Amino acid sequence: MEKKLTTWNLNEQLYRQYYQTVRRVVETLIKPDSLKQDLLFALLLVIMKDNDFLQLEEIGRNVISTEDFLLSRKQKDIGMYESVLVLNGFQNTPLKIIASPLNDAILINATIPELYKETYSICLKVSNYVLTSDLGIPANFYNLNELVVTLKDKILNPIKSGILNYHSYPSANLSGLPEDIVDQIAMKLHIKDVIALSNSCKRMHMVINNERLWSDLFKRDFRDKHEIGGSDYMNKYKEEYISRRDAKFQLLSNIGSESFRQFAELPDYMRHGSDSRWEVIL
């Protein structure tokens, strides 16, 4: 019995030594962390190509395959990723993507030098999308639907829309517009449409949900209530909206005894308030 136990312990010890040795070899020769980042960036390029983008060797150069691009980058042993793409049919408006590895994350910045527009950025956690084996070697991808949606919301749709708008092509997408233009559009909209715009996609939600815009909306719709130097205007707007909605209902219930002029003086946005999306949010 003791002989068998000794044999088992010996085998287990050998296995641990072997496993540690193999892991050191893997980390030295394969560099799993770097490989995972390479694969995630390659996946990004594949998604870009699937959305009608072509990859170039450099600005003004020939189209190159994703495989050739990554191999040439590997031979140069470059730590940062930099790639040039063009939307098919718009070769004179190149898109530059720069990605910086950050431990278990990769920071991606995309911009169109020709348009001098804002940079679209996203930080992806590599382990959220690259599945590894026990030895740490990349084995598969997962959460791909989430990755595609995130890339489309944060980079693909805004960039594609910006290129199409620049060339006067209808894009049917507001997400490519600069934030100040979206703010100007929002200031022309009924409040229910502002909220609908905010719910249309993640980028519009981020653009609409800012203190400056809600301060302007509050001043626009509640001029008598505006506080200089105040904050949290979205919640203030909701509270004032509820208060004036309740006042409207009270006037409606007493319409026989109250002056109709008093009801008519309520702001126009309140007359249409019953079908507003605030009703769902509140």
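The values are calculated or read from the model by the stated rules, or taken from the named source; none is laboratory data. Nothing here was measured: the structure is a model prediction, and the numbers come from that model. With ideal geometry, Cβ positions are generated from the backbone for all residues, glycine too; neighbour counts draw on all protein chains shown.
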For the stretch 32-60, how many residues are out of contact with any strand residue (DSSP E or B) (no Cβ under 8 Å at 6 or more places or on another chain), surrounded by fewer than 14 Cβ atoms within 10 Å (Cβ to Cβ) and either under 15 Å from Val126 (Cβ atoms) or at pLDDT below 80 (or both)?
-> 1
Counted residues in the stretch 211-226 being under 30 Å from Leu151 (Cα atoms) and either loosely packed, with under 15 Cβ neighbours inside 10 Å or modelled with pLDDT under 85 (or both) come to 2
Can you name the condition, by its number, that Phe90 falls short on among (1) in contact with a His (Cβ under 7 Å, 6 or more places away or on another chain); (2) not in a loop (DSSP other than H, G, I, E, B)?
-> (2)
Can you tell me which residue within the stretch 118-136, out of those that are of a type in the set (A, V, I, L, M) and surrounded by 14 or more Cβ atoms within 10 Å (Cβ to Cβ), is nearest to Arg203 (Cα to Cα)?
-> Ile122
Where a residue in the stretch 135-154 is within 27 Å of Arg24 (Cβ to Cβ) and modelled with pLDDT of 85 or more and its partner, wherever it lies, is in a strand (DSSP E or B) and of a type in the set (Val, Ile, Thr), with Cβ under 7 Å and at least six apart = Phe141/Val130
In the stretch 93-131, which residue that is in a loop (DSSP other than H, G, I, E, B) and aliphatic (A, V, I, L, M) is farthest from the chain's Cα centre (by Cα)?
-> Leu115
